[in-house]
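Structure record follows, encoded as structure tokens.
The values are calculated or read from the model by the stated rules, or taken from the named source; none is laboratory data. None of these values were measured; they are calculated from a predicted model. Backbone-built Cβ (ideal geometry, glycine too); neighbour counts: all protein chains shown. Each accessible area value is taken on the protein alone, full model and side chains, heavy atoms only, with ligands, DNA and RNA left out. Shrake-Rupley method; radii C 1.70, N 1.55, O 1.52, S 1.80 Å.
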Amino acid sequence: MRATLSFRLARSAAFSAVCVLLAVGAHRFAGGGGPTPAALLTGVLTVTAGAAGAAGRERSPQAIVGLLAGAQVFLHCLLDVTGSAAASHPTWHGGLSAQTGMITAHLTAATLTGLWLSRGEEALWSVLRAIGAKVVRCLRAVAVLMRALLALREADLAGTGRPRRRAAPNSERAPRTAGVLRHAVVRRGPPVLLVF
């Protein structure tokens, strides 16, 4: 089953919104700075374009997690270049470096969100397949009905095209009936008695 352009754009917009919000949240959680509006717009447009290319058909959970992880790495680099994350926050929770903490936060968020999105992907495509099956059944029923109506119409037109013989009003001939056998002997009246 292939997706239409509008459906692809809607799916890629949802994917990029989740991905960018997740990247900004994970980046801020790990001690990074907030994105500039230009960086946020660049991230949204880049992820939307990449997601639109991949949104043509149903994707597996592994593909979704992989796409999210790749987008998170890209967004981390974008946010790191535009923000002051590593310079202002040399350490992160538990003694990890800020860079390691951010990468861990981005990839953990990508994995969890990817599994969540894959469930939504599976549910969405199963609903679309069910709707598609019902539409196909309805179209087949309409096609059968249309063929039957066209056959009746053709039979009606074929029947009115030939002139029919009409019996004369005072005709002595008996009407033909379909139930009478060809070789049957028809006798009318009581049996004749031979007296003499």
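A few notes on this one:
- Ala110 crowded, with 20+ Cβ neighbours inside 10 Å and either outside any helix (DSSP H, G or I) or at pLDDT below 80 (or both): yes
- Counted residues, region 4-56 - those being outside any helix (DSSP H, G or I) and surrounded by fewer than 20 Cβ atoms within 10 Å (Cβ to Cβ): 6
- Listed by first and then second residue, the pairs linking a residue in region 4-16 that is farther than 10 Å from Ala51 by Cα to a residue that is of a type in the set (Phe, Trp, Tyr), with Cβ atoms under 8 Å apart and 6 or more places separating them unless they lie on different chains, form an empty list.
- Some residue of region 87-102 being open to solvent by less than 90 Å² (accessible area, probe 1.4 Å) and modelled with pLDDT of 75 or more: yes
- All conditions but one from (1) buried (at least 18 other Cβ atoms within 10 Å of the Cβ); (2) in a helix (DSSP H, G or I) apply to Arg59; the one that does not is (2).
- With respect to (1) under 22 Å from Arg8 (Cα atoms); (2) open to solvent by 60 Å² or more (accessible area, probe 1.4 Å); (3) modelled with pLDDT under 85; (4) of a type outside the set (S, T, N, Q), the lone exception for Val127 is condition (3).
- Test: Ala54 is touching a helix residue (DSSP H, G or I) at 6+ places or on another chain (Cβ under 7 Å) and within 16 Å of Trp125 (Cα to Cα): yes
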